2 protein chains.
Amino acid sequence: MRIFFATSKRRITVVLTAYLALQKKRLRQVNWFAADAFDRLVPFITGGKMLRGGLVLFGFGMSGKKSTPDAVRLAAGVELIHSALVIHDDIMDQDKLRRGQPTISAQYARLAKTKKLALTQHTGESLALCAGDLGFFIATKLLTEVKFSNRTRGVISLVGDIISEVCVAQMQDVWWGSAPPRAVAGLGPSVYEILSMYKYKTGRYTFSLPLIMGATAGGAAAITLRQLEKLGEYLGIMFQIKDDEIGIFGNEKITGKPVGSDIKENKKTIWQVLLWKQAGPSERRKLKNIFGSERILKKDIGYVRRLIKTRGVSSQVTKYMDSYARRARQLIENMKIAPAYEKILLELIDYNLNREA
Amino acid sequence: MRIFFATSKRRITVVLTAYLALQKKRLRQVNWFAADAFDRLVPFITGGKMLRGGLVLFGFGMSGKKSTPDAVRLAAGVELIHSALVIHDDIMDQDKLRRGQPTISAQYARLAKTKKLALTQHTGESLALCAGDLGFFIATKLLTEVKFSNRTRGVISLVGDIISEVCVAQMQDVWWGSAPPRAVAGLGPSVYEILSMYKYKTGRYTFSLPLIMGATAGGAAAITLRQLEKLGEYLGIMFQIKDDEIGIFGNEKITGKPVGSDIKENKKTIWQVLLWKQAGPSERRKLKNIFGSERILKKDIGYVRRLIKTRGVSSQVTKYMDSYARRARQLIENMKIAPAYEKILLELIDYNLNREA
């Protein structure tokens, strides 16, 4: 699996870098900001794991065909959209660190400060908003320039379908992040609501979409597409549960994100919801002061971590994870698929169970 | 001209309303926010003048063909993208009023306040950011579903081209808005830089793009496309100069936007730049306190308006406008075009010279 995704990333990076250089050349005629934006976007876009792009190539490869330049272009388009969404996400979460580097909004806020502009934070966010939009439109252009058959046309319509789901799931996430942690009984989300949000915010987007895009471009049968859609949801929900675990337990040096930012942002995760359910009255009072607090101390994070373990939340979450892993394995067994590809799908399950970043 | 654009708006509205209803039905399965977002988006999107959508139909009609459902879909897609850009624009400008109604960010901030969430302003902006992104992706979907020939494929690639120009021109606009008004000699933009920003932020996007999209779909010759591109730039620069005039002199009841917001936001317009050039030292001191000030009084706006007139700025701007109008008229005369369409293009020039909203 690691070799497949590393190879994919290299190939996508080559296409992306060349395409972004072309776009920079075109847009630098407009003004200085264009060239500057690309200088920020290139390391940001190519600095990720390129999981989604890799999955496009995986879905395409399943058909037995050798990867084509158009397949890599599809993968590059998906990575571009993903980075643009991440840039907007960092504005909403007011995050300063991503992939071990300052977020695009933090970079622009710094630039505004250096140049002594008014409203540096807001200016930084506004410029990052534009940079994200820029990402969407150069992605649209790239995707549209993939050689069009009726098949690939359906692929891009699917991008519209699934990313619009992400947008409304993200609204839910933002809303819950501003709400107190089950401060009033019944106000907070249920585990069911959380898992549904994971499905739309992450599952269908991170796994189903790229798998189906690649498989469609490769000419897969309708039944395979339906199986990949479902499989993607399972893998994606696991991926998000793990992501939220890393948000609480992760090591900043490995993750490239600040420790405890999800706690600070009062993100509604399966961990928070279950913890709240298990906590006693005095613990709840303490948690209420920690989640969403501007200033989080190391000992607060330690308290949350300990409580998650001692209150049995970890073992509850493990049960959910195991259940999704079981369903995903069953689905993979039922698919008609070459052994090399089956092996990678099974490894993806293990990756989602065990990754640290 | 008014009849043409009113008819176009009706036809685009029918297609847009039906399409948005379909998307609402699909996305309301994700969560409550989807349905709620569409209830806000529909009046917002259909509440504009639909100038851009009308120009798509105009460009298509120039070919002599009767308008087709696909041409209206192209127009609807352009209007969707425009509304999404406007939603993001209102976040950046922190505007509260648009088209006579609360902006989407103001609507969400109000919702967050009603529901007693934390950080209502930021939550409102974040939700509006998502709503704008949602607009982009349902627009992508709509445009992709227009019956594809190699021609229309080129049309959507062009959308990517021109809207990415808008994004970087918008960055420039944001940046200048945070900078003091020529506080240090030579720091502010020149008239040339302003006109270049107008070209990319407005001209090519509001006029060239829709005209070329429609004309391409209608099968126009390459020379016509080049003429429309140039004509669109002239018309668009005039449109933006007028827009900025309305921002200073406009009547809130007619424009649907708060009076003086451009002055408050310290927008760098041709009016501001020329005014600064013409102002004496004591006037500059006074202007420095007015432009970009959070609290603008009626008398401040009155002062700026008077100075613009007494210092000869109005007549200078009129010269620029007349020069663009002359060039646009020449271009139109050189085009091979049916008299009914020529008449509308000439009326568009007058519209840009005289409109009040």
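Please treat every number below as a calculation from the coordinates, not as lab data. A quick note: this is a predicted structure, and the numbers were derived from the prediction, not measured. Note that we place each Cβ from the backbone using ideal geometry, even for glycine, and neighbour counts take in every protein chain shown.
Note on segment B:228-339: percent of Cα-Cα distances in each 10 Å bin, starting at 0 and stopping at the bin with the largest distance, equals 13, 40, 27, 14, 5, 1. Shielding of peptide B:155-165 by partners, expressed as the average count of other chain Cβ atoms within 10 Å per residue Cβ, is 6. For B:T17 and B:K49, the FRET efficiency from 1/(1 + (r/R0)^6), where r spans their Cβ atoms and R0 equals 25 Å, is about 0.90. Size descriptors for segment B:66-168: radius of gyration and Dmax over Cα atoms are 16.3, 53 Å. For the residues A:Q29, A:Q240, A:Q107, a GNM of chain A with alpha-carbon springs under 10 Å puts the largest fluctuation on A:Q29. In this rough spin-label picture, where each label sits 7 Å from Cα along the Cβ direction, the B:V191-B:T68 distance is 4.6 nm. Counting other Cβ atoms within 10 Å as a rough exposure proxy, the listed residues B:M62, A:M321 run A:M321, B:M62 from fewest neighbours to most. Both the radius of gyration and Dmax for the protein assembly as shown are 26.3, 82 Å, in that order, over alpha-carbon atoms.
Could you compute the FRET efficiency for A:N251 and B:Y320, with r as their C-beta to C-beta distance and R0 at 60 Å, rounded to 0.05?
Working: r = 59 Å, r/R0 = 0.99.
Computed FRET efficiency for A:N251 and B:Y320: 0.50.
Dimensions of segment B:134-276 from C-alpha coordinates, computed as largest minus smallest value along each principal axis and given longest first, are 52, 32, 26 Å.
Normalised by 2.2 N^0.38 Å, where N is the number of residues, the C-alpha radius of gyration of chain B stands at 1.01. Under 5 Å between amide hydrogens, built in the peptide plane, is the criterion, and for B:R98 it picks out B:T103 among residues at least 5 positions away or on other chains. As a length-normalised measure over Cα pairs under 8 Å and 6 or more apart, the relative contact order of chain B settles at 18 percent. What is the distance in Å between the Cα centroid of segment A:310-331 and that of segment B:74-90? Segment A:310-331 and segment B:74-90 have Cα centres separated by 43 Å. Amide H contacts of A:K268: A:G177, each under 5 Å away and 5 or more positions distant or on a separate chain (H built 1.01 Å from N in the peptide plane; Pro and chain starts excluded). Inter-part distance, segment A:100-128 to segment A:184-263, computed on C-alpha centroids, equals 30 Å.
Counting alpha carbon pairs within less than 8 Å and at least 6 residues apart, what relative contact order, in whole percent, applies to segment A:1-147? Each step should come with its number before you reach the end.
Working: 152 pairs, mean separation 33.8, N = 147.
Relative contact order here is 23 percent.
Distances, shortest first, from the label point of A:P339 to those at the same position in the other copies read 8.0 nm; the point lies 7 Å along Cα to C-beta.
Are there any trypsin sites (Lys or Arg not before Pro) in segment B:11-91 that are in a DSSP loop and have at most 14 other Cβ atoms within 10 Å? List them by number.
On the way: sites: B:R11, B:K24, B:K25, B:R26, B:R28, B:R40, B:K49, B:R52, B:K65, B:K66, B:R73; in loops: B:R28, B:K49, B:K65, B:K66.
Filter output for segment B:11-91: B:K49, B:K65, B:K66.
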